[in-house]
Amino acid sequence: MTQLTVTLSDDQHYQMTGDVHDLSIRQTFNEQQPNHFGAPTATIEPLEVDGFVGDVASGGSCNASRITMVPHCNGTHTECVGHLTKDFLAVDELCPALPVAAQLITIDISNRKQIGAEALAQSWSINPHVSALVIRTTPNLNSKQYRRYGAEDTAFFTPDAVALIVSQNIDHLLIDLPSLDPYHDDGKLAAHRVFFGLPAADTQAVVSVSESTRAHATLTEMIFVPKTIPDDLYLLNLQVAPFAIDGAPSRPLLWALETT
Ligand SMILES: [Zn+2]
């Protein structure tokens with residue numbers, strides 16, 4: 001294996017161990033999959049055009065499928081401020097091509113639905129040299145990989161918790177909840193607005209990308225972090241589908257590090 005060494009600061013030197021952890025929920029079209037906001041299921045069907053059917057089992061010469069999905073609701077996806085603006089911004093142009101230093105932390109939400117700044121601060125030993133933060137919530141049931149989220153029991157982050165994250169210059173945030181914001185919040189998306197550096201929602205203003213102070217930032221939702229991966233420092237390789245869209249299916253990979 002090619003050896004890569006990482007220096008985060010004068011006294012933080014690491015090398016890769018070769019362990020790579022995939023934080024994405026694999027999309028199994030037509031089958032069990034996570035779901036947010038009551039969106040239709042992500043589906044796949046054979047292409048049918050001019051008498052051709054894209055299904056070998058049905059007599060076609062090859063398999064060629066047509067997929068239908070809502071990236072924001074059907075599974076692991078990465079989005080940018082373009083999710084909230086009247087003008088267009090594509091997320092695939094914002095994901096870092098090179099790996100970035102990331103910290104994985106865990107927050108217990110067994111007794112709470114809302115994650116505020118205090119709960120976040122208790123679980124986060126801040127490392128000022130990382131630009132990505134990965135947050136795993138517990139209980140961390142395997143059923144997160146196909147959970148249908150509802151208005152009653154979906155956890156979320158408060159705007160002040162997100163303000164703490166922004167204050168630490170976190171440009172890439174990854175969470176295992178379906179959204180930073182509550183399932184229903186009258187369209188305010190207050191936590192999203194803090195993360196992307198937009199004016200507060202109570203102005204009810206329709207906003208443009210140019211009003212964002214954090215148009216470089218990305219937010220990844222509906223990841224799944226297996227129990228076996230310890231809270232630690234990693235390199236994040238944030239892979240996103242090359243779709244010209246504000247939020248696209250993604251595959252965040254964490255590369256494990258060890259101190260040298
Ligand atoms: Zn989203």
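The values are calculated or read from the model by the stated rules, or taken from the named source; none is laboratory data. Quick caveat, the model's predicted, so the values are computed rather than measured. No Cβ is skipped: glycine too gets one built from the backbone with ideal geometry, and neighbour counts run over all protein chains shown.
Identify, please: which residue in segment 1-40 is farther than 23 Å from Leu180 by Cα, among the polar types (S, T, N, Q) and surrounded by 13 or more Cβ atoms within 10 Å (Cβ to Cβ) and is, among those, modelled with the lowest pLDDT?
Gln12
List every residue pair whose Cβ atoms sit under 6 Å apart, with the two residues 6 or more apart in sequence or on different chains, where the first one lies in segment 27-43 and is more than 18 Å from Ser143 (Cβ to Cβ) and the second, anywhere, is part of a loop (DSSP other than H, G, I, E, B).
From residues that are more than 18 Å from Ser143 (Cβ to Cβ), the pairs are Phe29/Ala42; Ala39/Val70; Thr43/Phe29; Thr43/Asn30.
Suppose the filter is among the hydroxyl-bearing types (Ser, Thr, Tyr), over 26 Å from Gln33 (Cβ atoms) and under 15 Å from the mean Cα position of the chain (by Cα); does Ser123 pass it?
When the stated conditions are applied, Ser123 does not pass them.
How many of the residues making up segment 208-239 are touching a Gly at 6+ places or on another chain (Cβ under 9 Å) and within 22 Å of Leu104 (Cβ to Cβ)?
5
Kindly indicate whether any position in segment 217-228 is within 19 Å of Pro128 (Cα to Cα), in contact (Cβ under 8 Å) with a residue 12 or more places away in the chain and of a type in the set (D, E, K, R).
no
Determine whether Val225 is at pLDDT 95 or above, more than 23 Å from Ala42 (Cα to Cα) and touching an Asp or Glu at 6+ places or on another chain (Cβ under 9 Å).
When the stated conditions are applied, Val225 does not pass them.
Restricting attention to strands (runs of 3 or more DSSP E) lying wholly within segment 135-242, give those where 1 or more residues are surrounded by fewer than 20 Cβ atoms within 10 Å (Cβ to Cβ).
Qualifying strands (runs of 3 or more DSSP E): 233-240.
For Pro249, are the conditions met, namely being surrounded by 16 or more Cβ atoms within 10 Å (Cβ to Cβ), more than 29 Å from Ser110 (Cβ to Cβ) and under 14 Å from the mean Cα position of the chain (by Cα)?
Yes.
Considering only residues that are of a type in the set (D, E, K, R) and free of Cβ contacts under 8 Å to residues at least 60 places away in the same chain, which ones fall in segment 107-155?
Asp108, Arg112, Lys113, Glu118, Glu152, Asp153
Scanning segment 70-85 for residues that are of a type in the set (Val, Ile, Thr) and either near the ligand (Cβ under 8 Å from one of its atoms) or under 10 Å from the mean Cα position of the chain (by Cα) (or both), which turns out surrounded by the most Cβ atoms within 10 Å (Cβ to Cβ)?
So, considering only residues that are of a type in the set (Val, Ile, Thr) and either near the ligand (Cβ under 8 Å from one of its atoms) or under 10 Å from the mean Cα position of the chain (by Cα) (or both), the one surrounded by the most Cβ atoms within 10 Å (Cβ to Cβ) is Thr78.
Quick test of your reading of the structure: Asp153 fulfils all but one of (1) under 18 Å from His83 (Cβ atoms); (2) away from the ligand (no atom under 16 Å from the Cβ); (3) of a type in the set (Asp, Glu). Name the failing condition by number.
(1)
Results for (1) over 26 Å from Leu4 (Cα atoms); (2) of a type in the set (A, V, I, L, M), shown as yes or no for each residue.
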{"residue": "Met222", "(1), (2)": "yes, yes"}
{"residue": "Val225", "(1), (2)": "no, yes"}
{"residue": "Leu235", "(1), (2)": "no, yes"}
{"residue": "Phe243", "(1), (2)": "yes, no"}
{"residue": "Arg251", "(1), (2)": "no, no"}
{"residue": "Thr260", "(1), (2)": "no, no"}
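Quick grid of which residues meet (1) farther than 23 Å from Asp232 by Cβ; (2) in contact with a His (Cβ under 7 Å, 6 or more places away or on another chain):
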residue: Val134; (1), (2): no, no
residue: Asn140; (1), (2): no, no
residue: Arg147; (1), (2): yes, no
residue: Ala151; (1), (2): yes, yes
residue: Pro159; (1), (2): yes, no
residue: Gln168; (1), (2): no, no
residue: Lys188; (1), (2): yes, no
residue: Phe195; (1), (2): yes, no
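To keep it simple, each residue is scored yes or no on (1) within 16 Å of the ligand (Cβ to nearest atom); (2) farther than 21 Å from Gln114 by Cβ; (3) at pLDDT below 95.
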site	(1), (2), (3)
Ile175	yes, no, no
His184	yes, no, yes
Gly187	yes, no, yes
Gln204	no, yes, yes
His216	no, yes, no
